[in-house]
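Read-outs throughout are calculated quantities, based only on the coordinates presented, and are distinct from any laboratory measurement. No experiment lies behind these values; they were computed from the predicted model shown. Cβ placement follows ideal geometry from the backbone for every residue including glycine, while neighbour counts extend to all protein chains displayed.
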Amino acid sequence: MAVSLKPLREQTVVITGASSGIGLATAWEAARRGARLVLASRSKRALDDIVRDIERKGGEAIAVQADVGRREDLQSVCHAAMDRFGGFDTWVNNAGVSIWGRLMEVTDEDNRRLFDTNFWGVVHGSTIAAAHLRRKGGAIINLGSVASDVALPIQGMYCASKHAVKGFTDALRLEMEEENAPISITLIKPTSIDTPFPQNARNYTGREPKLPPPAYAPE
């Protein structure tokens with residue numbers, strides 16, 4: 001089935017991990033183009049500040065505190081979008097974390113937490129969004145990584161989670177196509193981006209990680 005998407009100015013867009021980095025940049029660009037926004041993050045205070053700034057510039061947005069690793073939290077994000085805007089048209093699964101450390105050193109607890117956010121957050125968000133969009137149509141956008149295709153030392157479990165995101169996204173796209181569901185499903189695979197993401201990662205190495213130059217540096 002051909003998928004026809006509304007112009008952004010006519011859309012309501014849900015963005016997870018919206019308090020910084022790619023999520024925040026996406027929120028600002030979508031707001032600039034006239035989209036209504038549902039912004040989700042664990043940091044409610046940061047989201048409230050962002051919403052105030054967007055509204056001050058004439059945009060429309062709401063903030064919902066959510067841990068993407070908890071399905072019930074993302075279900076609450078969906079409900080908030082329904083209550084405020086009558087639904088949504090695009091859902092962006094952007095929230096992600098990383099760990100700097102060798103596979104034999106990082107604890108199981110930290111690895112599971114990473115997978116809760118990076119993989120299960122995408123699964124929860126995608127399946128909730130697909131249930132809403134499978135009849136009305138819309139878009140699901142998942143943030144993978146260049147690490148969805150290659151392995152990197154010192155970030156082994158992060159790479160594993162992004163490989164899993166790619167496999168899940170590809171399978172979901174095939175299943176939605178089989179159902180003729182009018183949903184566009186996209187996987188974005190950025191390389192190094194100038195965001196706080198590397199500094200916020202848990203670090204087992206005891207030293208500041210050396211990063212490649214960013215592919216994009218905001219002005």
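Remarks
- Condition check for ALA181: over 24 Å from LEU39 (Cα atoms), hydrophobic (A, V, I, L, M, F, W, C) and in contact (Cβ under 8 Å) with a residue 60 or more places away in the chain: yes
- Extreme residue, nearest to THR127 (Cα to Cα), among residues of the range 47-72 that are among the basic types (Lys, Arg) and surrounded by 14 or more Cβ atoms within 10 Å (Cβ to Cβ): ARG71
Each row is one residue, and each column tells you yes or no for (1) surrounded by 17 or more Cβ atoms within 10 Å (Cβ to Cβ); (2) in contact with a Cys (Cβ under 7 Å, 6 or more places away or on another chain); (3) not β-branched (Val, Ile, Thr).
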| residue | (1), (2), (3) |
| --- | --- |
| LYS6 | no, no, yes |
| ALA18 | yes, no, yes |
| ILE22 | yes, no, no |
| SER41 | yes, no, yes |
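- Selection from the range 80-114 of residues that are touching a Gly at 6+ places or on another chain (Cβ under 9 Å), surrounded by fewer than 18 Cβ atoms within 10 Å (Cβ to Cβ) and part of a helix (DSSP H, G or I): ASP110, ARG113
- Tabulated pairs, the range 123-145, first free of Cβ contacts under 8 Å to residues at least 24 places away in the same chain, second buried (at least 24 other Cβ atoms within 10 Å of the Cβ) and of a type in the set (A, V, I, L, M), C-beta under 6 angstrom, 6+ apart or interchain: none
- Positions within the range 78-118 being closer than 16 Å to ILE15 by Cα and either within 13 Å of the chain's Cα centre (by Cα) or of a type in the set (Phe, Trp, Tyr) (or both), in sequence order: PHE85, PHE88, THR90, TRP91, VAL92, ASN93, ASN94, ALA95, GLY96, VAL97, THR117, ASN118
- Filter result (surrounded by 22 or more Cβ atoms within 10 Å (Cβ to Cβ), in contact with a Lys or Arg (Cβ under 8 Å, 6 or more places away or on another chain) and more than 13 Å from GLY144 (Cβ to Cβ)) within the range 115-129: HIS124
- Here the range 133-183 is the region considered, the condition is being in contact with a Cys (Cβ under 7 Å, 6 or more places away or on another chain) and not in a helix (DSSP H, G or I), and the residue that is surrounded by the most Cβ atoms within 10 Å (Cβ to Cβ) is LEU152.
- Residues satisfying the stated conditions in the range 25-47, i.e. outside any loop (DSSP other than H, G, I, E, B) and closer than 21 Å to HIS79 by Cβ: ALA27, ALA30, ARG36, LEU37, VAL38, LEU39, ALA40, SER41, LYS44, LEU47
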